[in-house]
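Below is one structure, written out as structure tokens; comments come after it.
Readers should treat all values here as calculations from the given coordinates under stated rules, not as data from a laboratory. Not measured: the values here are computed from a predicted model. Here Cβ is always computed from backbone atoms with ideal geometry, including for glycine, and neighbour counts include all displayed protein chains.
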Amino acid sequence: MATERARVMLITGAAGGVGRATVRVFTENGWRVIGVDRQPFGDGFPENGLFIQADIAEAKDIQTIYERAKAFSPVLDAVVNNAAVQINKPMVESSVEEWDRVIDTNLRSAFLGAQLAFPLLKAAGGGAIVNVSSVHAVATSINVASYAASKGGLLALTRAMAIEFAPANIRVNAILPGAVDTPMLG
């Protein structure tokens, strides 16, 4: 009788509040986790997993992340695009560099990551991508224009990915949490 392989997932923003909790839950449920974050994870990353310290705002880092992921496992069963940055300041005072940093981290990284994850998800016979958008995608507040735009774009990208990836048995969904008490909120 063949042994069932452990499912493998990749999560960005793995060292933060929501990401760290997600790593824990998936690990407790028997998954092997590939965690990605700009910050070190510190103690407690699962021994059967892989932690990659990288900046998903950088296209070259995303390429490296997926090269390392493929060396760790030839398949992925799930990807959680969780990492995000938020700049709290009036739109008219925001620089182009700040705008680009938010868009590159919160939106472009999901686009590039999905392109690179697709063959690994397909090799598993299908899987799931979960994009962590935000309530700001549909109802926002003052001083978060770049964040709201990035999360609205991520919601639209999710719909497009869901249609394109469905024939490969890859589900794509977004969640839109409200405020979560993590360091990013403060």
- Message: Give me the base-10 log of I(q)/I(0) for segment 1-43 at each q in 0.14, 0.22 Å⁻¹, Debye formula, one uniform scatterer per Cα, rounded to two decimals.
- Response: -0.33, -0.67
- Query: Dipole size in debye (nearest 20) for segment 8-175 around its Cα centre, Lys and Arg Cβ +1, Asp and Glu Cβ -1?
  - Reply: 400 debye
- Folded to 0 to 90 degrees: helix 59-72 orientation relative to the chain principal axis, Cα: 20 degrees
- Among 97, 164, 67, residue whose mean-square fluctuation peaks in a GNM of the chain (springs only between Cα atoms under 10 Å): 97
- Message: Over 23 Å apart: what share of the alpha carbon pairs of the chain falls there, rounded to a whole percent?
- Response: 40 percent
- Highest first, please rank the peptides 73-79, 123-129, 57-63 by the mean number of other Cβ atoms sitting within 10 Å of their residues. 73-79, 123-129, 57-63
- Query: Ranked highest first by average number of other Cβ atoms within 10 Å, how do 23-34, 38-49, 100-111 line up?
  - Reply: 100-111, 23-34, 38-49
- Task: Determine the relative contact order of segment 25-141: mean sequence separation of Cα pairs under 8 Å and six or more apart, normalised by residue count, in whole percent.
- Result: 27 percent
- Message: Suppose the chain between residue 140 and residue 175 were pulled fully straight at 0.36 nm per residue; how much longer would it get relative to their current alpha carbon spacing?
- Response: 11.1 nm
- Message: As an exercise, use a Förster radius of 45 Å and the Cβ-Cβ distance of residue 89 and residue 5 to find the FRET efficiency, rounded to the nearest 0.05.
- Response: 0.45
